[in-house]
Amino acid sequence: MAAPRPVSPEAPFNPSQAPVIEGFSPTVYSNPEGFKEKFIRKTRENPMVPIGCLGTAAALCYGLYCFHRGQSHRSQLMMRTRIAAQGFTVVAILLGLAASAMKSRP
């Protein structure tokens, strides 16, 4: 059995900086994009997801409003509508993922 090699003295590990790996770039884009630019790009790629999110939020808010006012039948209907909107959003996300996977294939 071979004896272990002595450890060469290197720079100490600094957890506040990202490690340098040859041939690896941590960002895909040459310039970092902000929240607004990324939101616009993602919305253009799959516009149904924000629509589904807005529908879910609207149904939830209106359902809670109806619950607060004592309209239990309408509140129950809005909670069911919220579930449908959430399902629509999940399906939109999955279809967007499938479309982007098909587009990236050669």
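Only the coordinates and a few stated rules stand behind these numbers; no lab work does. Predicted model, so just to flag it, every value in this text is computed and none were measured.
One table, with the values for the structure above:
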read-out: Diffusion coefficient, µm² s⁻¹, Stokes-Einstein with Kirkwood Rh over alpha-carbon pairs of the stretch 21-106 at 25 °C and 0.890 mPa s; value: 157
read-out: Segment Lys103-Ile51, extension gain: residue separation times 0.36 nm, minus the distance between their alpha carbons; value: 16.5 nm
